[in-house]
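The values are calculated or read from the model by the stated rules, or taken from the named source; none is laboratory data. In this text the structure is predicted, and so the values were computed from the model without any measurement. Reconstructed Cβ throughout: ideal geometry from the backbone, glycine too, with neighbour counts over all protein chains shown. Accessible surface areas use protein heavy atoms only, side chains included; no ligands, DNA or RNA. Shrake-Rupley method; radii C 1.70, N 1.55, O 1.52, S 1.80 Å.
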Amino acid sequence: MMNYRVRGQLVNLFFLSLLAFFFIFPIYWILRSSLLDFGEIMDYPPILFPEAFRWENYAEVLNRVDFLLYIGNTFIIIVPVLIGVGLTSSLAAFGFARIEFPLKNMWFSLVIMTILLPSIVTLVPTYIGWAKLGLTDTFLPLILPAFFGGGAFNIFLLRQFLLTIPRDLDESAVMDGAGFFTIYSRIILPLIRPALVAVLLFTFVGVWNDFLNQLVYLNDQDMYTVALGLSTLRSSLTSPMHLIMAGTMIMVIPATIIFLFGQRYFTEGIATTGIKG
């Protein structure tokens, strides 16, 4: 019995180590490439570990690309998007999980079905609509949609988490004279914090890495985000690969820091979502 248990643990450890390697190695390769010069990065066989750490590559990238401006523009979009997604998706999830109204299951099914609709299908008509309103080349087309539901997947995730919370808490609050908004703000929001943090982390990473929508709506280079700013470095014929890798690391670091700070809530939110359906 013990031998089988030890073997099972060793097998699990092996596969976890293999999985960690496949996730970590690409990041290591980008970091390693960002610390080489152009000649070293083109060597074959490739250098696995730099002999000299060329941190000046990062200074050169910051001189070529105004990353501080692009990071500021990105957060101008991200902050209101996080507020909108967190508020509207949690309200919608609360309605579907806690409030009875006609055809509730049908409306929820329609919301979930929108996940199957590729975003590229709606890209052109959506752009035409914003253009008719004269809002292209502004941040508004990237911000305002977050205040209209917060996304079907986010609603589903929060609803499933809400179903794990006993309704006795709601009934006790109703007996004390609390209304739906009081129950939502005083009882539900504190309890769904792990799932809400998971939703906000997904949203942050999605907006941070979003290239297509930002490329479509932002034409002025002074309004570029980090993803678009990195593309200007890539499109330059005078930007060697080691500088592109340094720029990529500059883009990866903030998202990694945000994920590490929210990792505990993220793991708890994912682990407890979907227990009850």
Query - Pair list, Cβ < 8 Å and 6+ apart or interchain, from segment 123-145 residues that are open to solvent by less than 40 Å² (accessible area, probe 1.4 Å) to residues that are among the small types (Gly, Ala, Ser) - result: Ile143/Gly84
Query raised in the report: Take the residues of segment 224-255 that are more than 14 Å from Leu62 (Cβ to Cβ), at pLDDT 80 or above and β-branched (Val, Ile, Thr): which is least open to solvent (accessible area, probe 1.4 Å)?
Result: Thr225
Query raised in the report: Among Gly206, Gly229, Gly247, Gly177, which is in a loop (DSSP other than H, G, I, E, B) and not charged (D, E, K, R)?
Result: Gly177
Query raised in the report: in a helix (DSSP H, G or I), among the aliphatic types (A, V, I, L, M), open to solvent by 30 Å² or more (accessible area, probe 1.4 Å) and farther than 19 Å from Ser89 by Cβ: does that describe Val216?
Result: yes
Query raised in the report: Taking only pairs six or more apart or across chains, which ones have beta-carbon atoms under 7 Å, a first residue in segment 170-181 that is within 17 Å of Ile192 (Cβ to Cβ), and a second residue that is among the hydroxyl-bearing types (Ser, Thr, Tyr) and in a helix (DSSP H, G or I)?
Result: Ala173/Thr182
Report summary line: Conditions (1) out of contact with any Gly (no Cβ under 7 Å at 6 or more places or on another chain); (2) modelled with pLDDT of 75 or more -> Phe67 fails only (1)
Report summary line: By residue number, the members of segment 146-170 that are open to solvent by less than 30 Å² (accessible area, probe 1.4 Å), at pLDDT below 90 and polar (S, T, N, Q) are Gln160
Requested in this report: Tell me which residues, restricted to segment 26-44, are more than 14 Å from Val252 (Cα to Cα), hydrophobic (A, V, I, L, M, F, W, C) and assigned to a helix (DSSP H, G or I).
Outcome: Phe38, Ile41
Query raised in the report: Out of (1) of a type outside the set (Lys, Arg); (2) in contact (Cβ under 8 Å) with a residue 40 or more places away in the chain; (3) under 30 Å from Leu169 (Cβ atoms), the odd one out for Phe101 is which?
Result: (2)
Requested in this report: With the condition kept exactly as written, say whether any residue in segment 185-192 is out of contact with any Leu (no Cβ under 8 Å at 6 or more places or on another chain) and buried (at least 20 other Cβ atoms within 10 Å of the Cβ).
Outcome: no
Query raised in the report: Can you spot a residue in segment 106-115 that is under 20 Å from the mean Cα position of the chain (by Cα), open to solvent by 70 Å² or more (accessible area, probe 1.4 Å) and within 20 Å of Leu212 (Cα to Cα)?
Result: yes
Query raised in the report: Can you tell me how many residues in segment 26-68 are open to solvent by 60 Å² or more (accessible area, probe 1.4 Å) and under 16 Å from Gly229 (Cα atoms)?
Result: 6
**Report entry** Residue that is of a type outside the set (Val, Ile, Thr), out of contact with any Cys (no Cβ under 8 Å at 6 or more places or on another chain), modelled with pLDDT of 85 or more and under 30 Å from Asp168 (Cα atoms), where the choices are Gly72, Gly84
**Finding:** Gly84
